[in-house]
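Okay, structure first, notes after.
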Amino acid sequence: MLQVKDLSVEFRSRAGTVYAVNKVSFDIKAGETLGIVGESGSGKSVTCSALMGLLPKPPAWIPETAQATFEGRDLLKLNEKELSTLRGNRISMIFQDPMTSLNPCMAIGDQVAEPLVIHRGMKWKEARALAVEELARVGIPNPAERAACYPHEFSGGMRQRVMIAMALVTRPQLLIADEPTTALDVTVQKQVLDLLQARQQELGTAIILITHDLGVVKQYAHRIQVMYAGSILESAPAQELIEHPRHAYTRALMASIPSAHAKGCRLQTIPGLPPSLKEPVRGCTFKPRNISGKPELCLTDRVPELIEISPNHWVRNCPGCVE
């Protein structure tokens, strides 16, 4: 359904250039969930915003060699008018913070109905009726009454359900969920993810699930890609990656999951901070923080190559990081 090849994103300004994403490639099939995991600033959201055409140009710059083929068309080569026919229609996105993503001056029902009016040419009355049905599907109680309410009248979990309703009301082929459970408690987080999974099974939608939580993607994703400093360090089927993590960064992420430790044990953390992206990548970007591998063996003269180390399991081949 979607095939991304050599996607790079730079932000160029008077203060210098930030190399936010470096030659990222992946694909996703219909009905599949691809989990993209990594720390804040690793390039996850920028990658998907580039696919949606949401990055302002300038300062964003994407090379001509990059490709993102969706249903036979390269998303990176489409103009704004062409992209607007896809966004919210064939491709939808759930943003991180529903409070700032929803219009505070517009009733919930109208916000869910709006994509149907724009992309399906429906009359507002018909679209509002379908919006109420969609709100019911995502678990909003008394949907006909709550459709007349405004975002500030909903809890965080209910606002996230509204965002899901907005994203799925047009029955998109691809859904990008950018940290859809941020700031939600654990119980509501599971409800939201279970809801996404149920709607996916019903509609056959492909989902790109962006998160910093490896514990979430191992439960809901079919495949997982680990990003760090704008690059993919490891990619594999979910079960394979969880059971046989090969890169030191992946192993460090897994070791930092609280459930992986016995009660009362000290949690493991990854020391230091991700590298600055104001310079082009040279050598192994994880070398300064590598505590689960052999940092003295990490490459310094060239970027480690992404190789297939076992069937469908790809990893950056750095001798100091790969186990």
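Odds and ends about this structure:
- Subset of segment 90-111 (residues that are modelled with pLDDT under 85 and hydrophobic (A, V, I, L, M, F, W, C)): Phe95, Met99
Matching residues to (1) more than 27 Å from Arg251 (Cα to Cα); (2) over 15 Å from the mean Cα position of the chain (by Cα); (3) open to solvent by 30 Å² or more (accessible area, probe 1.4 Å):
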{"position": "Val162", "(1), (2), (3)": "yes, yes, no"}
{"position": "Ala167", "(1), (2), (3)": "yes, no, no"}
{"position": "Pro172", "(1), (2), (3)": "yes, yes, no"}
{"position": "Asp178", "(1), (2), (3)": "no, no, no"}
{"position": "Asp185", "(1), (2), (3)": "no, yes, yes"}
{"position": "Gln189", "(1), (2), (3)": "no, yes, yes"}
{"position": "Gln200", "(1), (2), (3)": "yes, yes, no"}
{"position": "Ile208", "(1), (2), (3)": "no, no, no"}
{"position": "Val217", "(1), (2), (3)": "no, no, no"}
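- Test for Leu54: is it within 27 Å of Leu196 (Cβ to Cβ) and part of a loop (DSSP other than H, G, I, E, B): yes
- Any hit, segment 279-295, residues being more than 21 Å from the chain's Cα centre (by Cα), closer than 30 Å to Gly31 by Cα and surrounded by fewer than 13 Cβ atoms within 10 Å (Cβ to Cβ): no
- Residue that is free of Cβ contacts under 8 Å to residues at least 60 places away in the same chain, part of a loop (DSSP other than H, G, I, E, B) and under 30 Å from Arg12 (Cα atoms), where the choices are Gly264, Gly283: Gly283
- Count of segment 52-82 residues, restricted to those that are open to solvent by less than 30 Å² (accessible area, probe 1.4 Å) and closer than 20 Å to Ala30 by Cα, is 4.
- Summed over segment 57-90, the residues that are of a type in the set (A, V, I, L, M) and in contact with a Pro (Cβ under 6 Å, 6 or more places away or on another chain) give a count of 0.
- Residue in segment 227-237 that is charged (D, E, K, R), outside any helix (DSSP H, G or I) and open to solvent by 40 Å² or more (accessible area, probe 1.4 Å) present: no
The values are calculated or read from the model by the stated rules, or taken from the named source; none is laboratory data. Note that the coordinates shown come from a computational prediction; the quantities given were computed from them, not determined experimentally. Glycine gets a Cβ as well: all are built from the backbone with ideal geometry, and neighbour counts include every protein chain shown. Quick note on the areas: whole protein, heavy atoms, side chains included, nothing else; ligands and nucleic acids left out. Shrake-Rupley method; radii C 1.70, N 1.55, O 1.52, S 1.80 Å.
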